[in-house]
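Coordinate-derived values only; no laboratory data. All of these numbers come straight from a predicted model, not from anything done at the bench. No Cβ is skipped: glycine too gets one built from the backbone with ideal geometry, and neighbour counts run over all protein chains shown.
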Amino acid sequence: MRFDEAYSGKVFIASRPDWEEADAILYGMPMDWTVSYRPGSRFGPARIREVSIGLEEYSPYLDRELEEVHFFDAGDIPLPFGNPQKSLDMIEEYVDSILDKGKFPLGMGGEHLVSWPVIKAMYKKYPDLAIIHMDAHTDLRVDYEGEPLSHSTPIRKAAELIGPGNVYSFGIRSGMKEEFEWAKENGMHISKFEVLEPLKAVLPKLAGRPVYVTIDIDVLDPAHAPGTGTVDAGGITSKELLASIHEIARSDVNVVGGDLVEVAPVYDHSEQTANTASKLIREMLLGWVK
């Protein structure tokens, strides 16, 4: 599947019908082959699109409307069920094709491992890449019970690729002691529990640099996002996450891509999580696509 192929199902509200005029490509990565607790995030991208119909196209936070952003919803990458390595290879190739056309990639997961091939593609284009990572979990394991392809490993893989000092994690409240020790010993930035205030302190250090932003929906407290595979108490509010997205938008960093992952609609019959994710995607589009 090429990014310029039209999607046959529902699209995110205000998506342009023609990819050629788009500055940004919205795409789904429906994979949950390696999750260690509850599957279901492969259904996240489709549901985020479906509930977007309930959104206003105008953001009172940013005073912009979606019609001001030229983006094309290319649908989901048709990933082979149960085959992690082939799926990751397909995602990397897909994002390569987006970047080759000079367009902004914004992905929807899927489990967090899907961010790894995207970061590989981004690093090929931007060798000075930095990563902003918002999550409940460190995701710094080398493997999960002997399996290196796991949703608990993408940030470790990314840190080893671009250098731990170029990775900035926020909202972290869960992980093995060894993960926190590895981050400290190798100069990786981890802000425990909070996002907005430590993010404000870091952003000036990243001014002018290409930055990729990856957000796991479980950075939110389960009260705000119960529909995810690995819920973890003590998270931030949706208000703080929105403010963090806006803080990045108003900063001098050069956001070159992003993703929102781990929305699992089956665990949230109220659809609170999918609706929150849809609003977050709107704000990411309006704030980060210039």
Magnitude of the charge dipole, the range 11-286, Cβ model with Lys/Arg +1 and Asp/Glu -1, debye to 20
440 debye
Its Cα gyration tensor gives the range 193-290 an equivalent ellipsoid whose semi-axes in whole Å, largest first, are 25, 14, 10
Most packed first (mean Cβ within 10 Å per residue), the peptides 148-159, 244-255, 105-116, 68-79 order as 105-116, 148-159, 68-79, 244-255
Total charge dipole magnitude, the range 128-190, about the Cα centre, Cβ charges on Lys, Arg, Asp, Glu only, Debye to nearest 20
180 debye
In the neighborhood of Met176, defined by Cβ-to-Cβ distances under 15 Å, what is the net charge if each Lys or Arg adds +1 and each Asp or Glu adds -1?
-3
Return the subset of Lys125/Lys239; Lys157/Lys192; Lys124/Lys157; Lys101/Lys125 for which the Cα-Cα distance in this structure is over 22 Å, preserving the input order.
Lys125/Lys239
Between Glu57 and Phe81, the two model label points (7 Å from Cα along the beta-carbon direction) sit apart by a distance in nm of 3.6 nm
What ³J(HN,Hα) values, in whole Hz, does the Karplus curve 6.51 cos²θ - 1.76 cosθ + 1.60 give for the range 125-134 when θ = phi - 60°, with x put for Gly and Pro?
8, 10, x, 9, 5, 10, 10, 9, 10, 10
Find which of Ser15, Ser41, Val69 sits farthest along the positive direction of the dipole of the range 7-83, computed with +1 on the beta-carbon of Lys and Arg, -1 on that of Asp and Glu, about the Cα centre.
Ser41
Looking only at the chain, where both bridge partners belong to it, what percent of the DSSP beta bridges are antiparallel (to the nearest 5)?
10 percent
With an 8 Å Cα cut-off and a minimum separation of 6 or more residues, compute the relative contact order for the range 11-286 in percent.
23 percent
Return the tail of the calculated pair distribution for the range 12-89, meaning the percent of Cα-Cα pairs more than 16 Å apart.
60 percent
Per-residue [θ]222 nm for the chain (sum of -39500 (n - 2.57) over DSSP H runs n ≥ 4, rounded to 500)
-9500 deg cm²/dmol
Could you tell me which label, among (i) 122; (ii) 112; (iii) 140, carries the value of volume of the Cα convex hull per residue in Å³ calculated for this structure?
(ii)
Fully extended contour minus Cα-Cα distance, from Arg38 to Arg209, at 0.36 nm per residue:
58.0 nm
Taking alpha-carbon centroids only, the range 5-82 lies from the range 245-289 a number of Å equal to 11 Å
